[in-house]
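One structure below.
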Amino acid sequence: MDDLRLAPTVGIVGCVLYLAALAVPFVLVETPSAVSAYYNAGAFSPLIPGVFALVSIIVLAAGREGRSDPSVAAGASIGIGVFIVALSAVWALTVPESLVLGLTESTLMEHHRWAVVAAGCPIPLGSAWFARALGLL
């Protein structure tokens, strides 16, 4: 098992999972304006960390392939990953539960905000693993 390739790949997969988790309400909820209200109801929109997840994909892939310094890529992606998880957790804690329950009859939406936070966790974990494989941690 090559940790120098597998670890950043875990972070990249975490980014893709995070973006997929953000897309779920667009599939489950029939009204796009309701999804917009859901994402804007918290302290800030989790779509902002979604942009950082896209950046993290590029950073991790560049570090994995040696197109940029792997140690810089690992460190930057740890910071970005922690930022993504922290902002997602703040959003999840500040979204009114009445709004979440009123979106759809699907029980999946009841747990969606926590799934978004959980989907972000592999990003800093894979990045930290990458830093450890590089001998930085």
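Quick note: the coordinates plus some simple rules give every number you see, no bench work behind them. These numbers were taken from a predicted model, which means no experiment stands behind them. Every residue, glycine among them, receives a Cβ derived from its backbone with ideal geometry; neighbour counts consider all protein chains shown.
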Inset, instruction - In whole angstrom, note down how far apart the Cα centers of region 107-137 and region 45-74 are. - result: 13 Å
Inset, instruction - Treat each spin label as a single point 7 Å out from the Cα along the C-beta direction, and report the residue 3 to residue 89 distance in nm. - result: 2.5 nm
Legend entry - Average Cα contact separation per residue, region 3-133, under 8 Å, 6 or more apart, as relative contact order %: 43 percent
Inset, instruction - Working from Cα positions, state the angle (0 to 90°, nearest 10) between the long axis of helix 47-65 and the longest principal axis of the chain. - result: 20 degrees
Inset, instruction - Could you compute the FRET efficiency for residue 47 and residue 108, with r as their C-beta to C-beta distance and R0 at 22 Å, rounded to 0.05? - result: 0.70
Inset, instruction - Let me know the Rg and Dmax you get for the chain when you use only its Cα atoms, in Å. - result: 16.1, 49
Legend entry - Inter-probe distance in nm under a simple model that places probes 7 Å from Cα toward Cβ, at residue 40 and residue 118: 2.9 nm
Inset, instruction - At 0.36 nm per residue, minus the direct Cα-Cα distance, what do residue 101 and residue 30 gain on full extension? Give it in nm, one decimal, please. - result: 24.1 nm
Inset, instruction - Calculate, in nm to one decimal, what residue 19 and residue 68 gain on full extension: separation in residues at 0.36 nm each, minus their alpha carbon distance. - result: 15.3 nm
